[in-house]
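The block underneath contains the structure these notes are about, expressed in structure tokens.
The values are calculated or read from the model by the stated rules, or taken from the named source; none is laboratory data. None of these values were measured; they are calculated from a predicted model. Neighbour counts run over all protein chains shown; Cβ positions are idealised from the backbone, glycine included. For accessibility, only protein heavy atoms count, side chains too; no ligands or nucleic acids. Shrake-Rupley method; radii C 1.70, N 1.55, O 1.52, S 1.80 Å.
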Amino acid sequence: MTAEAFNEELYWSVIDILNGLLTGTIIGGYYAMISIGLAMTFGVMRLVNLAHGDFIIVGAYLAVVLLNFLPISPFFTLTIVIPIMFCLGYVLQRVLLNHVSVQAMERKGLSANYGLMAPILVTFGLGIFISHVLLGIFESDARQLKNSLAFSAIRLSEDLNISLLRFIFFGLGIVILILLHLYLTRTHAGRAIRAASDDAEVSPLMGINTAHVYGLALGISMAIAGAAGVMIGMIRTFQPFDGPQFLLIAFGTVIIGGLGSIVGSLVGGILLGITQVLAGTYFGPSAQLVGGYMLILFVLAFKPQGLFSK
Amino acid sequence: MSISEHKRGFFAEEGRGGKRPLLTVSELSAYYGELRALFDVEFQVMPGEVLAIIGANGAGKSTLLKSMVGMMNRGKTAHTTGSIDMRGRRLDQLTTEKIVDAGVTMVPEGRRLFPRLTVEENLLTGAYLPRCREASEDKLVEMLDMFPRFAERRTQIVSQMSGGEQQMVAVARALMSDPQVVLFDELSLGLAPAIVDDIYEKVQQINQAGVTCIVIEQDMKRALRVSNHVLVMLEGAIVLEGDPKDLNEDQVSSAYFGSEIGRASA
Ligand SMILES: Nc1ncnc2c1ncn2[C@@H]1O[C@H](COP(=O)(O)OP(=O)(O)OP(=O)(O)O)[C@@H](O)[C@H]1O
Ligand SMILES: [Mg+2]
């Protein structure tokens, strides 16, 4: 091998790795957004929300509806989708999920196991219900939220560039995670959510109404899921039954990063993103998913509480 | 004279010492599912006093305090009958949040701090009620003044603190809601005597500031020393009550252990 050819090869392998790290990180930011809501509702009310992925898709379809009526950029739909999703989440928790929770089962004199199992079944059913409603309204055509930035890229060097949209979403994701962190640590309501997650039985002694606080938690979870849905809709096409694939990403991220920490979700998302991209680069596109699942399996085998849980 | 004071109707209008009671508990019974833990308990709480409740393990002391803050209203698993009246307001019909808003709170058995929150966050959570929020930062400063033991550790996660420090945080957290009545369930549980002395000094300080205190205390001597009025419980009922100055130790211990003398005199 000539020196030149060797240099060329070295250059490309460096580019491959840089590209993997960069794209993986960028993807990780949005994986974190996909998963943080799931982690939060599990952390606060032990809710394993199997409809989480479908909520993400609902966010994307809400943007479709808005764009039908309003001549705005898909970005601005966020300002409407986020509050709508928050309200849906709050109401859903209070009228449905609070009545099948661990606490509700205890009030009925049933074992806490019912309270763990019932919401899993209820959200499973809810997910199926949601996707069929979406199918009924929007049919199975693949949709996308059209936008002018879809094909723009940021060029870092001749052979290294990242999608502008993905980069914006990464930034937006970080902003949302920071806002969530501030909300949970600096506001009375945010501290109440964390308090109820630490000790639901004693929180009422602080004047905290746990039913309300759980409503806030699912509201926030769904608001962020909705925002993620809008972003996903701008990057790729989506269909009514796409929810479960995002649920899987969310579970993976949560398993890797550990529950109940915002930083954990971000790092978990980034690790999953990097692993997928590098696996794809070296072993072909079909290895992307396999690589991600291998990482999840490794974490489950060696550090089942997640890499970043305290 | 003191022994039959708890008998129904004796002080219907006027409480002990001619004062109007702050809390009147009547025919209070409590159930854990099928199990009955309180049997028609009746007593009054006078404003500004320290009321001590003593009794053997399982006598129903914690159940009584939990009933008073609405924590026994959990549907089928736990419920109460009877009434708890606070100056015309029926506390037994309110949720825990509303009772705390009305000015009655509890420092629960085993402290029950929020383990993943810092000292400061635990305290601020105590000021969650809308009526407390505006003054919460001032109140926080006041508490850090009052409890210098954890003042310089305000940003520490509470689960890393010693039991005594945690108990102090639990007391301070309860005070953050600006209560009129605080119920303390076994403040001394698992703590060294010197620290318990410290904590009871704080209770005295709180009481002098006008807060009515109800304490459950396993140490009979301490209970008699710190209180103006004592209730002795046995098997879910009050078997003796009175001013600690008027009660002799034999009387109290026979009531406590449920010996024949104790039963007969009640
Ligand atoms: N969560 C519960 N479920 C069922 N029974 C309970 C529960 N808590 C207490 N009990 C029962 O109620 C009765 C009174 O218990 P309680 O805790 O009020 O007693 P206590 O006087 O506080 O005792 P200790 O000194 O041990 O704290 C006991 O017979 C106890 O077994
Ligand atoms: Mg007890």
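Each residue of segment A:69-76 is assigned a 3J(HN,Hα), and the resulting list reads 9, 10, x, 10, 6, x, 4, 6 Hz, derived from the Karplus form 6.51 cos²θ - 1.76 cosθ + 1.60 (θ = phi - 60°), x at Gly and Pro. Sparse packing (at most 14 other Cβ atoms within 10 Å of the Cβ) combined with a DSSP loop state is found for the following trypsin sites (Lys or Arg not before Pro) in segment B:203-261: B:Lys245. Shielding value for B:119-129 is 5, the average number of Cβ atoms from other chains within 10 Å of each residue's Cβ. Counting Cβ atoms of other protein chains within 10 Å of each residue's Cβ and taking the mean over peptide B:91-99 gives 3. Summarising the amide proton neighbourhood of B:Ile53: residues at separation of 5 or more, or on other chains, whose placed amide H is nearer than 5 Å comprise B:Val215, B:Ile216, B:Glu217, B:Leu231. The amide H of B:Ile238, built 1.01 Å from its N in the peptide plane, has B:Glu42 as neighbours under 5 Å, considering only residues 5 or more places off or on other chains.
In degrees between 0 and 90, to the nearest 10, how far off the longest principal axis of chain A does helix A:287-302 point, with axes built from Cα atoms? Computed tilt is about 50 degrees. Between the amide H of B:Leu117 and those of B:Val158, distances stay under 5 Å, these residues lying 5 or more places away or on another chain, with hydrogens modeled in the peptide plane. With both bridge residues required to lie in segment B:159-266, what share of the DSSP beta bridges run antiparallel, to the nearest 5%? If I count the DSSP bridges inside segment B:159-266, around 50 percent turn out antiparallel.
Computed packing ranks the peptides A:50-58, A:190-198 as A:50-58, A:190-198, most packed first, by mean other Cβ atoms within 10 Å. Report note on the peptides B:172-185, A:163-176, A:108-121, A:221-234: ranked by the mean count of other C-beta atoms within 10 Å, highest first, their order is A:221-234, B:172-185, A:163-176, A:108-121.
Dividing the summed helix terms, -39500 (n - 2.57) for each DSSP H run of n ≥ 4, by the number of residues in chain A produces a 222 nm estimate of -25500 deg cm²/dmol to the nearest 500. Across segment A:118-131, computed HN-Hα scalar couplings (Karplus, 6.51 cos²θ - 1.76 cosθ + 1.60, θ = phi - 60°) run 4, x, 5, 5, 5, 6, 4, x, 4, x, 5, 4, 4, 5 Hz from first to last residue, x flagging Gly and Pro. Exposed loop sites, defined as GluC sites (Glu not before Pro) outside DSSP H, G, I, E and B with at most 15 other Cβ atoms within 10 Å, are absent from the longest region of chain A, namely A:1-138. Spin-label pair A:Gln305-A:Thr187: with each label point 7 Å from Cα along the Cα-Cβ axis, the two points sit 3.0 nm from one another. On the basis of the beta-carbon distance and an R0 of 60 Å, B:Leu189 and A:Val65 show a calculated FRET efficiency of 0.55. Split chain B at each of the GluC sites (Glu not before Pro) in a DSSP loop with at most 10 other beta carbon atoms within 10 Å, and the longest piece is B:153-266.
Per-residue surface analysis assigns B:His229 an accessible area of about 0 Å², computed on protein heavy atoms at 1.4 Å probe radius. Of the accessible area of the protein assembly as shown, computed with a 1.4 Å probe over protein heavy atoms only, carbon and sulfur atoms account for 60 percent. In order along segment B:228-240, phi translates into HN-Hα couplings of 9, 8, 10, 10, 10, 10, 8, 6, x, 9, 8, 9, 7 Hz, rounded to whole numbers, per the Karplus curve 6.51 cos²θ - 1.76 cosθ + 1.60 with θ = phi - 60° and x for Gly and Pro. For the protein assembly as shown, the mean projected area of the C-alpha convex hull, equal to one quarter of the hull surface, is 32.7 nm².
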